[in-house]
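A.B. asks: I'd like to ask some things about the structure below.
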Amino acid sequence: MNIQDRKAVSFHYTLTNQDGKQIETTRDKEPMTYLHGAYNIIPGLESAMVGRSVGDEFQVTIEPADAYGEKDEAKFQRISSKHFRLPKKLKPGQVVGLQTKKGPVRVTIIKVGRFNVDVDTNHPLAGQVLTFEVEVSAVRDATKEEIAHGHAHGPGGVDH
Ligand code: ZN
């Protein structure tokens, strides 16, 4: 069975950035499961999956435009340190969760001042060229429910 729209696909991956630094891997846990054709994963990875089948292993390098986008200068912000629980313990480069009116966001700490903290609210992987080493571990027809929800259910997918 080949990967195409309306297939639920499970795969292991190891993600590294352009500096060769490993960002994350599923090798020590369940593979990730997604619904193909539903924009569950970044576009560059989804298009590299098309036509693959169980047991296929491949490597794909994806430019920011097909991954998490370029860094947006407008997303660098100065925030009052009172919004951080432990502002003195923050270090540049650290990624922390921040509650906002639009819900929780992950921000990267740029600079910690006495009253303010400069943060980058771009996705932590924005602006990065990403390389995925992928192994396809399962491909099956998606259920009607999965297609209606726009995501895959079960281990490695959405659990609800
Ligand atoms: Zn669902």
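The values are calculated or read from the model by the stated rules, or taken from the named source; none is laboratory data. Small disclaimer: the values here were computed from a predicted structure and weren't measured. So basically every Cβ, Gly included, is an ideal-geometry build from the backbone, and we count neighbours across all protein chains shown. Just so you know, the surface numbers come from the protein's heavy atoms only, side chains and all, with ligands and any DNA or RNA stripped out. Shrake-Rupley method; radii C 1.70, N 1.55, O 1.52, S 1.80 Å.
Yes/no per residue for (1) under 30 Å from Arg6 (Cα atoms); (2) open to solvent by less than 40 Å² (accessible area, probe 1.4 Å); (3) in contact with a Cys (Cβ under 8 Å, 6 or more places away or on another chain):
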residue: Glu46; (1), (2), (3): yes, yes, no
residue: Val54; (1), (2), (3): yes, no, no
residue: Asp66; (1), (2), (3): yes, no, no
residue: Arg85; (1), (2), (3): no, no, no
residue: Lys91; (1), (2), (3): no, no, no
residue: Thr100; (1), (2), (3): no, no, no
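A.B. asks: Report yes if Pro43 is of a type outside the set (Lys, Arg), assigned by TED's automatic domain parsing to the domain that holds Asn17 and in contact with a helix residue (DSSP H, G or I) (Cβ under 7 Å, 6 or more places away or on another chain), otherwise no.
C.D. replies: yes
A.B. asks: Kindly list, by first and then second residue, each pair from a residue in the range 143-155 that is under 14 Å from Asp5 (Cβ atoms) and more than 7 Å from the ligand (Cβ to nearest atom) to a residue that is among the polar types (S, T, N, Q) and open to solvent by less than 80 Å² (accessible area, probe 1.4 Å), limited to pairs with Cβ atoms under 8 Å and residues at least 6 apart or on different chains.
C.D. replies: Hits for this filter: Gly150/Asn40; Ala152/Thr33; Ala152/Asn40.
A.B. asks: I'm trying to understand the selection: among the residues of the range 108-118, which are under 13 Å from Pro87 (Cβ atoms) and either surrounded by 13 or more Cβ atoms within 10 Å (Cβ to Cβ) or aromatic (Phe, Trp, Tyr) (or both)?
C.D. replies: Ile109, Val112, Phe115, Asn116, Val117, Asp118
A.B. asks: Hey, could you check the range 1-25 for residues that are free of Cβ contacts under 8 Å to residues at least 60 places away in the same chain and in a loop (DSSP other than H, G, I, E, B) and say which is farthest from Thr143 (Cα to Cα)?
C.D. replies: Asp19
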